[in-house]
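J.: Would you mind keeping the following structure in view while I ask a few things?
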Amino acid sequence: MSHDDRVAERYARALFLIAEGRGRGPEALDELQGLLGLVHADPRLGPYFRSPLVPLARKRALLRGELATGPFPPVASLVDLLLRKKRLGLFPAVVDEFEQRVRRWRGLQAAEAVSAVPLTADQLQRLRARLERVTGLTLELETRVDPGLIGGMYVRIGDRVIDHSVKGLLASLQDRLFETSLQARPT
């Protein structure tokens, strides 16, 4: 994890603790995503806020104008703090981390299943049920096809990977054969 990721995680955690304590986690996420969408909608805003030629007071005034529609006060305070600390570039990472925290709070976990061939609806349903039973989480399962796997599939849930692809099994077998050949050599 990079330094910026750790810093973004701290900001997101602080905002989440406040939002959770007030029962406003999902609303705060909506507001954060709305602000992020606003920044992405106008490509001039990013360079404007990053420019050292624009005085901080003007940046804050513009931001207060955008936030005047009455967002959750801690969201406005967070964005203002990022601006004052010259860390507004971390805002997308803060929003991503905050979203992950809200998902975990709701008991949801993003997962991705990559298979060599498309899964049928029945296979997908059985896979989701089994993974949810094993992990104890409610999964938001996305799928994609990668013919390079040769056969089988792998599933990624957070940082955990369950690899049952032919490609993965062959790589594992190759590693074991290499280790065995090293152990069998006389020293």
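The values are calculated or read from the model by the stated rules, or taken from the named source; none is laboratory data. Note that the structure is predicted; figures quoted are calculated from it, not measured. All Cβ positions, glycine included, derive from the backbone under ideal geometry; neighbour counts span all protein chains shown. These area figures cover heavy atoms from the full protein model, side chains too; ligands, DNA and RNA do not enter into them. Shrake-Rupley method; radii C 1.70, N 1.55, O 1.52, S 1.80 Å.
J.: Run down Phe49, Phe72 and say which single residue is over 29 Å from Asp159 (Cβ atoms), open to solvent by less than 50 Å² (accessible area, probe 1.4 Å) and in contact with an Asp or Glu (Cβ under 9 Å, 6 or more places away or on another chain).
T.: Phe72
J.: Can you pull out every residue in the range 35-49 that is within 18 Å of the chain's Cα centre (by Cα) and in contact (Cβ under 8 Å) with a residue 24 or more places away in the chain?
T.: If the condition is that a residue be within 18 Å of the chain's Cα centre (by Cα) and in contact (Cβ under 8 Å) with a residue 24 or more places away in the chain, then Leu35, Leu36 are the ones that fit.
J.: Whether any residue in the range 123-146 is touching a helix residue (DSSP H, G or I) at 6+ places or on another chain (Cβ under 8 Å), among the hydrophobic types (A, V, I, L, M, F, W, C) and over 30 Å from Gly25 (Cα atoms) is what I want to check.
T.: Scanning the range 123-146, I find no residue that is touching a helix residue (DSSP H, G or I) at 6+ places or on another chain (Cβ under 8 Å), among the hydrophobic types (A, V, I, L, M, F, W, C) and over 30 Å from Gly25 (Cα atoms), so the answer is no.
J.: Given the structure, is Val117 open to solvent by 70 Å² or more (accessible area, probe 1.4 Å) and modelled with pLDDT under 90?
T.: no
J.: Would you call Gly65 more than 30 Å from Leu139 (Cβ to Cβ), open to solvent by less than 70 Å² (accessible area, probe 1.4 Å), within 22 Å of the chain's Cα centre (by Cα) and not β-branched (Val, Ile, Thr)?
T.: No.
J.: Still on this structure, I have one more. How many residues are open to solvent by 70 Å² or more (accessible area, probe 1.4 Å) and hydroxyl-bearing (Ser, Thr, Tyr) when one looks only at the range 142-181?
T.: The number of residues fulfilling the criteria is 2.
J.: Could you say which residue among Gly21, Gly89 is more than 22 Å from the chain's Cα centre (by Cα), closer than 25 Å to Arg103 by Cβ and open to solvent by 60 Å² or more (accessible area, probe 1.4 Å)?
T.: Of the residues listed, the single one that is more than 22 Å from the chain's Cα centre (by Cα), closer than 25 Å to Arg103 by Cβ and open to solvent by 60 Å² or more (accessible area, probe 1.4 Å) is Gly21.
J.: Of (1) open to solvent by 50 Å² or more (accessible area, probe 1.4 Å); (2) in contact with a strand residue (DSSP E or B) (Cβ under 8 Å, 6 or more places away or on another chain), Ala111 satisfies all except one. Which?
T.: Every condition holds for Ala111 apart from (1).
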